[in-house]
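The values are calculated or read from the model by the stated rules, or taken from the named source; none is laboratory data. In this text, all values refer to a predicted model and were calculated from it rather than measured experimentally. Every residue, glycine as well, gets a Cβ built from its backbone with ideal geometry; the counts of neighbours run over all protein chains shown. Calculation scope for accessible area: heavy atoms of the full protein, side chains included, ligands and nucleic acids excluded. Shrake-Rupley method; radii C 1.70, N 1.55, O 1.52, S 1.80 Å.
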Amino acid sequence: MKILELSNIHKFFGNAKNRVHVLKGINFSVEKGDFVAIIGQSGSGKSTLMNIIGCLDTPTSGSYKINNTEVGKMTRNQLAELRCKTFGFIFQRYNLLSSLNASENAALPAIYLGMGEERRTQRAIELLKKLELGSKLGNKPNELSGGQQQRVSIARALMNGGEIILADEPTGALDSKSGEMVMEIIKNLHKQGHTIILVTHDSKIAAQASRIIEIKDGEIVSDERKADEFYPLENEVADVKKSRLETFKYRFAESFSMSIHAILANKMRSLLTMLGIIIGIASVVSVVALGNASQAKIMEQINSMGTNTIDIMPGTGFGDMRSGKVKTLKVSDSDYLAKQGFIDSATPSVSASGTLVFGNTSSTAQLKGVGNSFFDVKGKKLLMGRIFTQDEVNNVASVVVIDHNTYKEIFADRPNPVGEIIIFNKKPLKVIGVTEEENNAGPNSDSMNLWVPYTTAMYKINGSTDINSITVKIADAVNSQVAEESIENILTSLHGTKDFFMINSDSIKQTVESATNTMKLLIASIAVISLIVGGIGVMNIMLVSVTERTKEIGIRMAIGAKQEDILQQFLIEAILICLVGGFMGVALSMLIGVGFNTFSEDFGMIFSTASIVLALVCSSAIGIIFGYMPAKNASNLNPIDALASE
């Protein structure tokens, strides 16, 4: 029964004037179980013919059938499947993968057949033991002699059954003793029913075949049968049946495993590839963390001015030169606003500046008359003592709460000033509380501040019923913009005209948040550029990797790897490199954060989970985007050109 049939095969190389006619009308067929030697001098076309028979190359014209199926009509994936299931290749230079040991090299074709890891490993071990390599299972190719490497190559050829064994100068790189051993193995394979097609220029090697075909200048010049020895195939390897989902999961898992192996086999190159991603991701995450810290610090300072508060000032705005002389706000305005449902509390404010005296010390200080809710509205916390009560406000009590600056300046030698009497503008005031130190930067950060009941400020300090401002705290469920409009309508109605302006802390906060977010986005965009540069680096190194590993790709294709297998492996490699680089970049940014936060007391980096997740997503996307082209190039390589690469 004919297993191979070639009819009028022609093969040309080159174009136009440089076109070379390598094979010229080749016609012959091979019976199942035969042992055929193709002999000829170098340049005769025998290797080209072998490549066409093994579906590594295609003829320019003519018909080639395997088991009565026309090969010329097959797709690249169908040809790969044919090489995987039908052919076993024994190359002159062995073509073993240097990063794999003997058993892994032998088992490689079974990966593309779909054979499970345990089963293929066991079969590889059995084959190697039969070839007297049981003690060399874990050895890499560079740890094996030429003869041993060729026997590993033979085990690989038999892995998926090897119905047709194609041996291209199998003894060409061996010494005579190793060559004789390899030929004995090949003759035994013939007796086990394998169809053997051997290419050689050595007539002594060819003489051991049952049939000798001589080729010269691309034409068959003789076809001699020496013996009618045909053997039925023994030990066939059953085809592996899997559903589409199982096949996808299997191929993905194997590609993933091979990608990890390739990355670990080239640690330095992989690390250098990751470097751009590590720097880019660390930059993005660190910049966002610094932006978050800056925003939090600014928000903390704004909150210290009062959370969800509106300050009502006399005049038309900050530029009104008359605002200091305008006395339109009254305590009654504050009382009226406090009764509104959308206002949590309202406190009038009266200010005065003057001389503060205690003992032999005198200093300039700022005094504010406020309501007892002022401290809650402005978020001020007590270090010691208490704040004044509503009764003390109503009774015009001469009590005062001092800030931390005053405490340090006036009472430096007294741990607890509560109960002491101080003199402000010749008026005695009893200290009842001290506020905590604030870290706000600004022109007033070192000033000395005193707070007394607004009634005390009006009647005892200033001697006037006028107030300087009103501070209101908006109820939590109320929109501050709506509240501001309502306050404006109420006071305009009470005054008959708008003779005041308002400072909304929420508006300031929103403005600052918007500005800081814009700044974070700008700086993060600059950091993203470094990610893109890193991605280009990944693409370049992956392209170099494809070039360096062209022969490996050719070997994988020769033993049955499909285009999608090569594409998937290289793409997964790129994604893994970027993803691992992403995690390393995040870890680096965390280390930077720990170091920064250790040495910075008032300002610490705040890491965002969203930014970390986004950074890792970006690193994966970079792997896909910039890894696709090199992976696609790898999958599109011609098997025979890839195998010829050095």
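Data overview
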| item | result |
| --- | --- |
| In Hz, Karplus ³J(HN,Hα) per residue of segment 235-242 (6.51, -1.76, 1.60; θ = phi - 60°; x = Gly, Pro) | 6, 5, 9, 5, 5, 8, 9, 9 |
| For segment 81-127 versus segment 559-604, the gap between their alpha-carbon centres in whole angstrom | 33 Å |
| Cβ-based charge dipole, segment 1-90, positive-most Cα from ILE38, PHE28, GLY72 | GLY72 |
| Integer Hz, Karplus 6.51/-1.76/1.60 couplings in order for segment 15-24, x for Gly and Pro | 10, 6, 5, 8, 6, 10, 8, 8, 10, 10 |
| Under 5 Å, built H, 5+ apart or other chain: amide partners of THR60 | HIS10, LYS11, PHE12 |
| Net charge contributed by nearby residues that have their C-beta within less than 13 Å of THR364 (K/R +1, D/E -1) | -2 |
| Interchain or long-range residues, amide H under 5 Å from ASP34's placed H | ILE196 |
| Dimensionless Rg/Rh of segment 360-428 - Kirkwood Rh, Rg from C-alpha atoms | 0.94 |
| Greater than 20 Å apart at Cα, pairs in LYS17/LYS216; LYS130/LYS191; LYS17/LYS551 | LYS17/LYS216; LYS17/LYS551 |
| For the chain, with +1 on Lys and Arg beta carbons and -1 on Asp and Glu, the positive-most of ALA238, MET519, LEU189 along the dipole | LEU189 |
| Under-5 Å amide H pairs with GLY88, H placed in peptide plane, nonlocal only | ILE164, ILE165, LEU166 |
| On Cα atoms only, tilt of 267-304 relative to the major axis of the chain in degrees | 10 degrees |
| Gyration tensor (alpha-carbon) shape descriptor, segment 25-79, a/c threshold 1.5 | oblate |
| Principal-axis tilt of helix 480-495 within the chain, Cα atoms, nearest 10 degrees | 20 degrees |
| Portion, in percent, of the accessible area of the chain that falls on carbon or sulfur, probe 1.4 Å | 54 percent |
| Accessible area of the chain divided out per residue, in Å², using a probe of 1.4 angstrom | 47 Å² |
| Angle in degrees between helix 244-265 and the longest Cα principal axis of the chain, rounded to the nearest 10 | 80 degrees |
| Residue-wise HN-Hα coupling along segment 586-591, computed from phi with Karplus coefficients 6.51, -1.76, 1.60 (Hz; x: Gly, Pro) | 4, 4, 4, 5, 5, 5 |
| Cross-link pairs beyond the 27 Å C-alpha cut-off, checked among LYS46/LYS204; LYS24/LYS632; LYS65/LYS85; LYS339/LYS498 | LYS24/LYS632 |
| Cα-based reach from LYS408 at 20 Å (exclusive), listing aspartates and glutamates while leaving out same-chain residues under 8 positions away | GLU420, GLU436, GLU437, GLU438, ASP446 |
| Gyration tensor verdict on segment 37-151 (Cα atoms; rounded if a/c is under 1.5, prolate if a/b is larger than b/c, oblate otherwise) | oblate |
| Cα gyration tensor shape of segment 547-646, rounded if a/c is under 1.5, else prolate or oblate by comparing a/b with b/c | prolate |
| Local net charge near ASN449, Cβ-Cβ under 15 Å (Lys/Arg +1, Asp/Glu -1) | -1 |
| Charge-dipole axis of segment 344-401 as Lys and Arg at +1 and Asp and Glu at -1 on Cβ define it, positive-most pick from VAL393, PHE358, VAL370 | PHE358 |
| Counting all C-alpha pairs of segment 114-158, share separated by more than 13 Å (%) | 52 percent |
| Subset of LYS140/LYS562; LYS297/LYS427; LYS2/LYS140 violating a 29 Å alpha-carbon distance limit | LYS297/LYS427; LYS2/LYS140 |
| Listed candidates [x] 133, 52, 45; [y] 127, 74, 48; [z] 98, 54, 44 - label of the one calculated as Cα extents along the principal axes in Å | [x] |
